[in-house]
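Peer 1: Okay, here's the structure, questions in a sec.
Read the figures in this text as sums done on the coordinates, not as results from a lab. Every value quoted in this text rests on a predicted model; they were computed, and no experiment measured them. Every residue, glycine as well, gets a Cβ built from its backbone with ideal geometry; the counts of neighbours run over all protein chains shown.
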Amino acid sequence: MNVLLIGSGGREHALAWKIAQSPRLRRLLCVPGNTGTGSYGQNVPFPLNDSDALVDLAQRENVDLLVVGPDNPLADGIVDHFLAAGIPAFGPTAAAARIESSKAFAKEVMAAAGVPTAQTHVFERAEDALAFARASGQAWVVKADGLALGKGVVVADDLPATLAAIERLAATPAGSRLLLEERLHGREVSIMALCDGQRLLVLPPARDHKRLGEGDTGPNTGGMGVFAPVDDVSPALLDQIVATCMQPVVDELAQRKVPFRGVLYGGFILTEKGPSVLEFNARFGDPEAQAVLPLLEGDLLEVLYECAIGGLHPEKLRRRRGYAVCVVLCAEGYPGKPRKGDPIQGVEALDEEELLVFHAGTQISARGLCTNGGRVLGVTGLGNTLARARANAYAAAERITFEGKHYREDIGQGKDTETRK
């Protein structure tokens, strides 16, 4: 099978690594790919915003399956173009991807499906959102309706912070419509499920760490690290979340004639009244994929293809025993303006059974391997206990060096997201 993988981050490196293990893989093309994906397939420098040209490339290369990593190509309808050309695609159509690309649409779907989620108010104008917040006299979670690279949510602690967040997000491309949402309290969990439009194959639950600093302090980022599985999500609770929060959304979308095929990613908060949805994404999380994919046994490529054609057999993927902890190594300046071009040492020397290093913001230059983005590397440690997995990840993180390197030292340890971000 010839596969075209879209994306260039740590998530795509993890996908390439896992897909390459399939005996069904003949050839892997990565557009545009990165330093890591090039070890498993051919990187093709190609613009992601020209779907027609990508279809032409896929037809020339006899591609049998498209696998989409990032959110923007999904929202822009890349899957629609490939399906129109008769090429199976793992990822939702633009209509189904609105579950992520429009938070207001997601709320509408959840309301219709009876899914528990926070009370929300939607505003077409920032002035109306500001007036509502002032009249309420309280703090709100402020969300931009559109895609914002994981940075379109502000959890305000008081009214002045709420007003400032409204003005800031309204000035971004994603903030033409705004949502004010009640603040919920509890522990968060991320759950990804592969979907063929009807059935779900639920992957091990994970807990990510969004904020820059230890103890969940500082600004939000694209993700500083993640661990899986999450022990406080019992099998019974996982079944409850799927039955009350995920399957109803899949059923509602199917009823609307927009079947969801791809990864349905739910961000949940475990409140005193039970699990509630914070948001849905329409693709693998990053860095969540870098911890969850190593915990799977079986042929991922075969299952992705089955989802794409609407014939998922959930038993073909199994969860292996043990834990995974991914620690993200960041460049100086992240999450603001990260510095690029700093040489990276120590990656080549890491060759251990319980360790994986996924490339994100790196490049090969005349100086060797160098930084080329904010989140530079994802270092994933594996182990039969969470403590062993953490130890493996942090030992490797310390051995990798580059100027300005910084990372959180509390991934998978201590107080984990007691209140929603």
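Peer 1: Which whole-percent values make up P(r) of segment 1-114 when all C-alpha to C-alpha distances are grouped in 5 Å steps starting at zero?
Peer 2: 2, 12, 22, 22, 18, 11, 6, 5, 2, 0
Peer 1: Continuing with the same structure: Roughly how many debye, to the nearest 20, is the charge dipole of segment 104-159 about its Cα centre, given +1 on each Lys and Arg Cβ, -1 on each Asp and Glu Cβ, and no other charges?
Peer 2: Dipole magnitude for segment 104-159 comes out near 100 debye.
Peer 1: Return a whole-number percent for the relative contact order of the chain, with Cα pairs under 8 Å and 6 or more residues apart as the contact set.
Peer 2: For the chain, the relative contact order is 17 percent.
Peer 1: G91's amide H: which non-local residues (gap 5+, or another chain) put their own amide H closer than 5 Å, with H modeled 1.01 Å from N in plane and none for Pro or chain starts?
Peer 2: Long-range HN contacts for G91: G262.
Peer 1: Okay, moving on. Read phi for every residue in segment 264-280 and hand back ³J(HN,Hα) as whole Hz from Karplus 6.51 cos²θ - 1.76 cosθ + 1.60, θ = phi - 60°, with x for Gly and Pro.
Peer 2: 3J(HN,Hα) across segment 264-280, in whole Hz: 8, 10, x, x, 10, 10, 8, 8, 5, 8, x, x, 9, 7, 8, 6, 10.
Peer 1: Once the Cα gyration tensor of segment 86-184 is diagonalised, what are the square roots of 5 times its eigenvalues, in whole Å and ordered largest first, as equivalent ellipsoid semi-axes?
Peer 2: 27, 15, 11
Peer 1: Ok, one more. Based on DSSP H runs of at least 4 residues, each adding -39500 (n - 2.57), what is the mean residue ellipticity at 222 nm of the chain after dividing by all its residues, to the nearest 500 deg cm²/dmol?
Peer 2: That comes out to -8000 deg cm²/dmol.
Peer 1: At a Förster distance of 60 Å, what's the computed FRET efficiency of Q119 paired with R367, Cβ-Cβ distance as r, to 0.05?
Peer 2: Step by step, r from the Cβ atoms, then E = 0.70.
Peer 1: If you don't mind, there's one more thing I want to ask. Starting from the Cα of E127, step 7 Å along the direction of its Cβ; do the same at A53; then give the gap between the two resulting points in nm.
Peer 2: For the pair E127/A53, the computed spacing is 4.2 nm.
Peer 1: In addition: Tell me the Kirkwood radius of segment 273-378: reciprocal of the mean inverse pair distance over distinct alpha-carbon atoms, in Å.
Peer 2: For segment 273-378, the Kirkwood estimate is 16.7 Å.
Peer 1: Compute the label zone of E214 within segment 318-341: residues whose backbone N is under 13 Å from the point 7 Å along Cα-to-Cβ.
Peer 2: none
Peer 1: Taking 7 Å along the Cα-to-C-beta vector as the label spot, tell me the A20-E353 distance in nanometres, rounded to one decimal.
Peer 2: 2.1 nm
Peer 1: For a quick size check, give me the Cα extents of segment 323-399 along its three principal axes, largest first, whole Å.
Peer 2: Reported extents, whole Å, longest axis first: 38, 26, 16.
Peer 1: Can you list which of the GluC sites (Glu not before Pro) found in segment 111-176 are DSSP loop residues with at most 14 other C-beta atoms within 10 Å?
Peer 2: E124
Peer 1: Only loop residues by DSSP count here, and only those with at most 13 other Cβ atoms within 10 Å; note down the trypsin sites (Lys or Arg not before Pro) in segment 87-159 that meet that.
Peer 2: The qualifying sites are R125.
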